[in-house]
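Chemist: Below you'll find the structure I mean.
Please treat every number below as a calculation from the coordinates, not as lab data. Because the structure is a prediction, the values reported are computed rather than measured. Cβ atoms come from the backbone with ideal geometry, glycine included; neighbour counts cover every protein chain shown.
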Amino acid sequence: MMKKWLTVVAVICVGAVSATAHHWDDFGANVTKNNIRAFTKDIGGLIGAGTYTTGRILGWGGFQIGPRAGMIFKMSKGHGDTEAERNHTALGDRNDVGSVYSPWLQADIGMPFRIDGFIRASSFQGLTIAGGGLRWGITRPSELPGAFQPMLVVSAHSATAKDFSASHYNASLVLSMKYKYFVPYIGGGVDYTTVNVSNGIGVQGADLRGSREHAATARATVGANFKLPSYLDLSLAANYAHYGLGAEASLSLRF
């Protein structure tokens, strides 16, 4: 049974990587002053997704590891005098780019004082992300059905690509409800992101070479964490941020 579920985990990882033909290397040829701010908000929302898929803290001695993925269904519009200009994102035409994905591997550990620590990393189609954070259970968790638990989450990440780098910080408040086989949760927070533009970008973004763009944007998430056989957890969630609707998922081993 364990081998069967590990195979499922591997399939999810491969599926997330192969689901799109999009490349972050397109940034250098498409970024302009009209779309850099929208891009900064979008990548911040993408990086910040999936930091609380458990819905509540693991508890002292708990451990969890597995693949996760976040997705933007369509990048947000930029500025411009025409619809074509507004649809021209920092990665190309908004309709041609389509959905943007980011899979990663995350490990979580339960610590004393109702604190969880987590680290995660991703390298996907030219974008490398590394970071982690802490989750703190505001109240003591209860195993009683219907028991609520509020939780604070903070995280920080760095990202690098061919023509840009980024730093990301997030703080979120989460509320979950405990049931025997699943935990529904709702959360909201703010992503603060800085994008540093390299000096090697294309001519149309020449005025942005070596510049920085800062942006803060709110993000809301609704999801559920399901307990599966063989110590597995499946989490599915929808989120809403500056880019509109997005999604996140994880399948992890939990002890």
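Chemist: Where Lys and Arg each count +1 and Asp and Glu each count -1, what net charge lies around residue 184 among other residues with Cβ under 11 Å from its Cβ?
Modeler: Result for the neighbourhood of residue 184: +2.
Chemist: Under the Kirkwood approximation applied to all pairs of distinct alpha-carbon atoms, what is the hydrodynamic radius of the chain in Å?
Modeler: When all Cα pairs of the chain are included, the Kirkwood radius is 18.7 Å.
Chemist: Springs between alpha-carbon atoms under 10 Å, Gaussian network over the chain: tell me which of 172, 122, 198 tops the mean-square fluctuations.
Modeler: 198
Chemist: Using the count of nearby Cβ atoms within 10 Å as a rough guide to exposure, how do 32, 221 rank from fewest to most?
Modeler: Lowest to highest Cβ neighbour count: 32, 221.
Chemist: Nearest 5 is fine: what % of DSSP beta bridges in segment 68-149 come out antiparallel, could you say?
Modeler: Once the DSSP bridges in segment 68-149 are tallied, antiparallel ones form about 95 percent.
Chemist: May I pose another question? In what sequence do 41, 77 fall when counting other Cβ within 10 Å, fewest first?
Modeler: 77, 41
Chemist: Roughly how tilted is helix 2-18, in degrees to the nearest 10 and between 0 and 90, from the longest Cα axis of the chain?
Modeler: The two axes meet at around 10 degrees.
Chemist: Given the -39500 (n - 2.57) contribution per DSSP H run of 4+ residues, what per-residue ellipticity at 222 nm results for the chain, rounded to the nearest 500 deg cm²/dmol?
Modeler: Result for the chain, helices only: -4500 deg cm²/dmol.
Chemist: Suppose the chain between residue 255 and residue 105 were pulled fully straight at 0.36 nm per residue; how much longer would it get relative to their current alpha carbon spacing?
Modeler: Roughly 52.3 nm would be gained on extension.
Chemist: Top mean-square fluctuation among 42, 81, 25, Gaussian network model of the chain, C-alpha springs under 10 Å?
Modeler: 81
Chemist: Shifting gears a bit: What trypsin sites (Lys or Arg not before Pro) does segment 166-236 have in DSSP loop regions with at most 11 other beta carbons within 10 Å?
Modeler: Those that pass, being in a loop and sparsely packed, are 180.
Chemist: Place +1 on the Cβ of every Lys and Arg and -1 on the Cβ of every Asp and Glu in segment 2-254, take the dipole about the Cα centre, and give the residue among 87, 73, 52 whose Cα lies farthest towards its positive end.
Modeler: 52
Chemist: Right, here's the next one. Sort 167, 235, 211 so the one with the fewest other Cβ atoms within 10 Å of its own Cβ comes first.
Modeler: 211, 167, 235
Chemist: A further question on this structure: Hey, quick one: spin label on residue 113, modelled 7 Å out along Cα-Cβ, who in segment 48-63 has an amide N within reach, i.e. under 17 Å?
Modeler: Taking a point 7 Å out along Cα→Cβ of residue 113, the residues of segment 48-63 whose backbone N falls under 17 Å are 57-61.
Chemist: What residue among 144, 152, 46 shows peak mean-square fluctuation when the chain is described by a Gaussian network model with Cα springs under 10 Å?
Modeler: Of the options given, 144 has the highest mean-square fluctuation.
Chemist: A further question on this structure: Using the Cα centre of the chain as origin and beta-carbon charges of +1 (Lys, Arg) and -1 (Asp, Glu), tell me which of 210, 255, 104 is placed farthest towards the positive end of the dipole.
Modeler: The residue sitting most towards the positive pole is 255.
Chemist: Is any residue of segment 89-127 close enough, with backbone N under 18 Å, to a label point placed 7 angstrom from the Cα of residue 165 along the Cα-Cβ axis, and if so, which?
Modeler: Only 121-124, 126-127 fall inside the zone, counting backbone N under 18 Å.
Chemist: Continuing with this model, one more query. Nearest 10 degrees is fine. How inclined is helix 36-48 to the longest principal axis of the chain, computing both from alpha carbons?
Modeler: In the chain, helix 36-48 runs at an angle near 20 degrees to the longest axis.
Chemist: Quote to one decimal, in nm, the extra length available between residue 194 and residue 179 on full extension: 0.36 nm per residue of separation minus the C-alpha distance between them.
Modeler: My answer for the length gained is 1.5 nm.
Chemist: Then there is this: Excluding same-chain pairs closer than 8 in sequence, count the lysine pairs in the chain whose Cα atoms lie under 25 Å apart.
Modeler: 15
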